[in-house]
1. Mean Kyte-Doolittle of at least -1.0 and a Cα length of 18 Å or more along the axis: which whole DSSP H helices of chain A meet both?
2. Antiparallel versus total DSSP beta bridges in the protein assembly as shown: what percent is that, nearest 5?
3. For the Cα atoms of chain B, what angle does the longest principal axis make with the long axis of helix B:31-58, in degrees from 0 to 90, nearest 10?
4. When ranked by the protection proxy of mean other Cβ atoms within 10 Å per residue, highest first, what sequence do the peptides B:10-21, A:333-344 form?
5. Treat the count of other C-beta atoms within 10 Å as a stand-in for reagent exposure and order A:K304, B:K55, A:K374 from fewest to most.
6. Return A:H121, A:H220 ranked ascending by Cβ neighbour count within 10 Å, so the fewest neighbours appear first.
7. For peptide B:15-23, how many partner chain Cβ atoms fall within 10 Å of a residue's Cβ, on average?
8. Once the piece of chain linking A:R32 and A:A237 is laid out straight, how much longer is it, given 0.36 nm per residue of separation minus the C-alpha distance between them?
Amino acid sequence: MIADTFDLPAFAVFIALFALVTGMGFLASRWRKPSTLEHLDEWGLGGRSFGTWITWFLVGGDFYTAYTVIAVPALVYASGAFGFFALPYTIIVYPIVFFIMPRLWQIASKGGHVTAADVVHARYGSRKLELAVAFTGVMATMPYIALQLIGMEVVIKALGLNGELPLIAAFLVLAFYTYSSGLRAPALIAFVKDILIYIVVLVAVAIIPLKLGGYEAVFHAADAAFKAKGAGGIVLAPAQYLPYATLALGSALAAFMYLHTLTGIFASKSGDTIRKNAILLPAYTLLLGLIALLGYMAYAAGIKPATNNDVVPLLFHTLFPGWFAGFAMAAIAIGALVPAAVMSIGASNLFTRNVWKAYVNPAVTPAGEAQVAKLASMFVKVGALLVILFMPTQFALDLQLLGGLWILQTFPSLVFGIFTSFFRAPALLAGWAVGIFGGSYIAWTDGLKPLHTLHFDGTAYTVYIGLLALVANVLVAAVGSAVLGTAGSKK
Amino acid sequence: MRALLLLLPFVGLLWVPFFNVTEPSLFGFPFFYWYQLAWVPLSSLITWYVWIGVKKDDAP
């Protein structure tokens, strides 16, 4: 299982950092020690006590995932300027967070809600709508966990370790300390992960251009490569304007509907904590913009990655000594642990509150809830591991694409109720169904692509399917609510 | 009403043809790139300004 690319200094640094965070993961159960961990608010939300800095590290650590660090430069390497839609996406997401999330937090905190589906059930009293929101959350997040595993797989391979054993070992360790420490584990590890990533990226964006002749040379090399390929470019083609803008907007609306981001929001200690984070979290976006540029630096460095996902590992191995490459790979692998842990905790919270408590055992105690959630988190992680081991990688990527479309369809049910009492549960459920099934159908018939081309008056408009489905979703929910409004009674 | 300022980043970043050019460049970065990167601190600043307003409204 050891390949000829094996590099001892890189491997030693990697193992040392990995051991450090594993120790932290287990010790986290004693960090900010509560009177008991046997309560879902403690295991699943860290006691709803995280202040500005912990929330900044935690949400930054689980929103900007390891997969982002691999996939964004890969997309930029493959398609150029288009891959940068992640930048406007992760800027405009924060005004949305600032506007919506403090109010949502307040509702959740007052009502003792742990999940988005809890909030929806309390607002509308509809078990069906609650289940729809819970089911969508789990379906959208599972492939996201699998993607984190792909990110880890890429860096483990780059260290010269082949075979699946290292990946399985890393993931089992993660599963055990999440089981024992709950949300405190990723919250504590996020400090290490984020600091490592900041160091890696700042060193990379300072040193690499120096070695390659400056940023101007980097952009020139990329421009020349795209012209030679005849595809992509360092600015957008006019036909890409609408796809670029709609992908950015749709992704920004969907981003905080996911389980991992919402869990980070619900775990914070006040609405003002969230507002301050909407101001401070863009620091990570600056980092992401710089990470994206690694895709162009690959051209200037003249490396030839076997697949687009290898761009980042190969760039570090080519331009840096072994120990720093190992440091960078460890940063990415640890970067996968934080979101994977928070995602599995979010999914377990949903299962416990909106399936187990709702249908199996309504009389479950808080301690019983914590126990169910801990076991569920094991199942979720093992499930994601099996998907990666036994399904083609493309399967996880396709599901992740559809997952973004799906999670966006929960936006009206979760958010509209905060601002207006106009909408009715059956109408929201109908809108959700139209969005989910209509959107999936269009994506499926287009060959699982995120974009769909519409024709009006002979002009073609290419837009993000998730946003298209959301428009249909909202229309159905609005018309349905207007019709029911006169007959139905408000809950 | 300050909250309406939160719409500015949407206008600045979703109106793509406005910034889809290479010149003027800055420190070797084509306009497309430094313009969007510049919106990161700008958007933070706008949000901070709105937050100050919210705090005033909350005060008794």
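Read-outs: derived from the displayed coordinates by stated rules, not from any lab. Only a predicted model underlies this, so the values are computations on that prediction, with no experimental measurement involved. As a convention, Cβ positions derive from the backbone with ideal geometry for all residues, glycine included, and neighbour counts pool all protein chains shown.
1. Working: long enough: A:8-27 (28 Å, 2.26); A:66-79 (20 Å, 1.60); A:86-111 (35 Å, 1.06); A:127-158 (47 Å, 1.10); A:165-181 (24 Å, 1.67); A:184-212 (42 Å, 2.02); A:214-229 (23 Å, 0.06); A:241-255 (21 Å, 1.21); A:322-351 (43 Å, 1.62); A:366-390 (36 Å, 1.40); A:393-408 (23 Å, 1.19); A:465-487 (33 Å, 2.13).
Membrane-span-like by this rule: A:8-27, A:66-79, A:86-111, A:127-158, A:165-181, A:184-212, A:214-229, A:241-255, A:322-351, A:366-390, A:393-408, A:465-487.
2. Antiparallel: roughly 80 percent of the beta bridges in the protein assembly as shown.
3. 0
4. Descending packing order for the listed peptides: A:333-344, B:10-21.
5. Working: A:K304 7, B:K55 11, A:K374 21.
Going from sparsest to densest Cβ surroundings: A:K304, B:K55, A:K374.
6. Fewest to most other Cβ atoms nearby, the residues stand as A:H220, A:H121.
7. Taking the mean over all residues of the peptide, I get 4.
8. 68.6 nm is the gain from fully extending A:R32 to A:A237.
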